[in-house]
Amino acid sequence: MTLRWLSVGAVGLAAASATALLAWLVSPVAPGIAAVVFGFTALPFGAMLGWVLVVAPTTTEPAYASGESIESHWTSAASSGMATDLVCTLGLTLTVVSIARAEPPATLLLIGLLLAAFASFTARYTYARHRALSE
């Protein structure tokens, strides 16, 4: 268990370091300060990501409600995962836009968000289907 918690810390530090590096690279004013602030801000979220990846893997299969088909279960799982992916994608995109002080057109951002939604849903649905059919 100690190794798992050390892995959580490593993932947290890696995420914070990557965020700090990104802030340092794209910040037009005071890149050092931006890197420190964004690095410290990203540290708890990186630790949460590490916890999700390392400590809390799912070990039991979810129960299906009566009348629910396996396809609807795959769809609902893909949709809920897509929502999380979109929140993360939107947050990272807005972070980069705010650090870089860029003003991209809203149409471009919305089209990118829709493409990310389609890609996320398709990948998650395909993965759930492949995983269920390969067992």
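The values are calculated or read from the model by the stated rules, or taken from the named source; none is laboratory data. Please read all numbers here as calculations on a predicted model, not as lab measurements. Every residue, glycine as well, gets a Cβ built from its backbone with ideal geometry; the counts of neighbours run over all protein chains shown. Keep in mind that these areas ignore ligands, DNA and RNA; they rest on the heavy atoms of the full protein, side chains included. Shrake-Rupley method; radii C 1.70, N 1.55, O 1.52, S 1.80 Å.
Worth pointing out:
- Of all residues making up region 44-58, the number that are in contact with a helix residue (DSSP H, G or I) (Cβ under 7 Å, 6 or more places away or on another chain) and either closer than 21 Å to R101 by Cα or open to solvent by less than 70 Å² (accessible area, probe 1.4 Å) (or both): 5
- Test for S7: is it part of a helix (DSSP H, G or I), polar (S, T, N, Q) and free of Cβ contacts under 8 Å to residues at least 24 places away in the same chain: no
- Subset of region 114-133 that is at pLDDT 90 or above and loosely packed, with under 14 Cβ neighbours inside 10 Å - its residue that is farthest from L22 (Cα to Cα): T126
- All conditions in (1) touching a Ser or Thr at 6+ places or on another chain (Cβ under 9 Å); (2) open to solvent by 90 Å² or more (accessible area, probe 1.4 Å); (3) closer than 25 Å to E103 by Cβ hold for A23, with the sole exception of (2).
- Unique match (being among the charged types (D, E, K, R), open to solvent by 60 Å² or more (accessible area, probe 1.4 Å) and at pLDDT 85 or above) among E103, E61: E103
- Once region 72-119 is narrowed to residues that are free of Cβ contacts under 8 Å to residues at least 12 places away in the same chain and assigned to a loop (DSSP other than H, G, I, E, B), the residue that is farthest from A30 (Cα to Cα) is P105.
- Condition met for P28 (open to solvent by 40 Å² or more (accessible area, probe 1.4 Å), out of contact with any strand residue (DSSP E or B) (no Cβ under 8 Å at 6 or more places or on another chain) and not in a helix (DSSP H, G or I)): yes
- Flag for G81 being farther than 30 Å from L133 by Cα, open to solvent by less than 70 Å² (accessible area, probe 1.4 Å) and not aliphatic (A, V, I, L, M): no
- Boolean, T41 is at pLDDT below 85, in a helix (DSSP H, G or I) and surrounded by 14 or more Cβ atoms within 10 Å (Cβ to Cβ): no
- Any hit, region 66-78, residues being open to solvent by less than 50 Å² (accessible area, probe 1.4 Å) and under 30 Å from V37 (Cβ atoms): no
- Region 93-135, subset of a type in the set (F, W, Y) and touching a helix residue (DSSP H, G or I) at 6+ places or on another chain (Cβ under 7 Å), residue farthest from A83 (Cα to Cα): Y125
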